[in-house]
2 protein chains.
Amino acid sequence: MGTTEKTQATFMSPETFLAHWQGHRGLTRRLIEVFPDDKLFTYSIGGMRPFSALVLEMIGMGGEGVKGLATGEWIPYAESEKKFKATTKKELLDLWDSVTEQINSYWPQITPERFQETDKAFGQWEGKVYWLIMYFFDNEIHHRGQGYVYLRGLGIEPPPFWDRHA
Amino acid sequence: MGTTEKTQATFMSPETFLAHWQGHRGLTRRLIEVFPDDKLFTYSIGGMRPFSALVLEMIGMGGEGVKGLATGEWIPYAESEKKFKATTKKELLDLWDSVTEQINSYWPQITPERFQETDKAFGQWEGKVYWLIMYFFDNEIHHRGQGYVYLRGLGIEPPPFWDRHA
């Protein structure tokens, strides 16, 4: 181990995590693509939100979240929610792609020390920076898993979970 | 940064990731608990597997997976699948709890260097150790999200996604 003995061990480096997340985001994008245009905005099970609303949540959290963690500048979550609107699949995919770029461009500004520091995301959720990012990431997998059930409910074969590339 | 300058930066340390995963596993356990005993083994949407089958997949991957990555001893996945059976909620929860212990007990045997090494999980899926662990973790969130839809379909309020403790 040499010089690393006194330092914190690494499960994932920041670069590794970013690549892993963008791989997942690529899969989420493919899920949006296979949804029928109308069902994306209307289909629901058990009173839940349609998949488009779940995707808009991922868009607001991911894009504004990483920007906030990189710059320390936060807008309230309610304002972030109003910022992103889509009424067609194309609008949703365009927003998705702009967030992909936004995450990639702000990510290098988050210093390695910063991941263990505490921040208040959107001025309201306090936690360590890595934890807040994991929340955005975990929340995407959670809601995308729900999108898989919607697609199965619609009789549509979803893209395989293991097939990930950015 | 001092001595850390020459080493790999850390998004999450192995201990941080373990705590994060066990927090998620605590939430998954609460989801199993709120399922009606019969629906856990019978309810399905769109031809998907019942939640008990998804949970048995998490149990096989998590428990045998971490043991394999720690020891280098693998059983084929098909054998792992046969190893874990449950026909009641109590049996499922008991298996869940034994895997919680198994993960905690084998985890410290995975050395920090090992997370960036390559292994072949269950003798069939090749990848870096961190990536294989993330697969077990991501797959749990993915299928648990599907369990949320099952519960909503059954008219049952699931435990909140953000409420996590081991």
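Derivation of every value follows stated rules applied to the coordinates shown; laboratory data play no part. Quantities reported herein were computed from a predicted structural model and do not represent experimental measurements. A quick note on method: Cβ atoms are made from the backbone with ideal geometry, for glycine too, and the neighbour counts reach across all protein chains shown.
For B:Gly62, what charge total do you get from the other residues with a beta carbon under 10 Å from its beta carbon, if Lys and Arg give +1 and Asp and Glu give -1? Neighbour charge sum, excluding B:Gly62 itself: -1. Counting, for every residue in A:114-122, the Cβ atoms of other protein chains within 10 Å of its Cβ and taking the mean gives 1. Taking other residues whose beta carbon is less than 12 angstrom from the beta carbon of B:Gly123, and scoring Lys, Arg as +1 and Asp, Glu as -1, yields -4.
Working note: 222 nm ellipticity from helices only, DSSP H runs with n ≥ 4, each -39,500 (n - 2.57), summed and divided by the residues of chain B, gives -17500 deg cm²/dmol to the nearest 500. For the segment B:143-156, counting C-beta atoms of other chains within 10 Å of every residue's C-beta and taking the mean gives 5. Inter-copy label distances at A:Asp163, shortest first and taken from points set 7 Å along Cα to Cβ: 3.7 nm. On the rotation that sends chain B to chain A, the chain B Cβ lying closest to the axis gives residue and distance in whole Å as B:Gly145, 1.
Neighbours of A:Trp74, meaning other residues whose beta-carbon lies under 13 angstrom from its beta-carbon, give a summed charge of -2 when Lys and Arg score +1 and Asp and Glu score -1.
The packing ranking of peptides A:131-138, A:91-98, B:152-159, B:126-133, highest mean first, is A:131-138, B:126-133, A:91-98, B:152-159, where packing means the average number of other beta carbon atoms within 10 angstrom of each residue. Using a Förster distance of 30 Å, how high is the FRET efficiency between B:Ser105 and A:Thr71, based on the Cβ-Cβ distance and rounded to 0.05? Plugging the Cβ-Cβ distance into 1/(1 + (r/R0)^6) gives 0.10. Annotated for chain B: lysine pairs at least 8 residues apart or interchain, Cα distance under 17 Å, count 8. Which residues in the range B:95-138 have a backbone N closer than 14 Å to a point placed 7 Å from the Cα of B:Arg49 along the Cα-to-Cβ line? Backbone N within reach: B:136. Shortest first, B:Lys85 label-point distances to identical copies amount to 5.8 nm, with the label point at 7 Å from Cα along Cα→Cβ. When only Cα pairs below 8 angstrom with a gap of at least 6 residues are kept, chain A shows a relative contact order of 34 percent. Between B:Glu157 and A:Lys128, the modelled label-to-label distance comes to 3.2 nm, taking each label 7 Å out from Cα in the direction of the beta carbon. Converting phi to 3J(HN,Hα) with the Karplus coefficients 6.51, -1.76 and 1.60 and the offset θ = phi - 60°, the range B:116-127 yields 9, 7, 9, 9, 10, 5, 6, x, 9, 10, 8, x Hz in sequence order, with x at every glycine or proline. Counting Cβ atoms of other protein chains within 10 Å of each residue's Cβ and taking the mean over peptide A:93-99 gives 0. Projected onto their three principal axes, the Cα atoms of the range B:13-153 cover extents of 44, 29, 25 Å, largest first.
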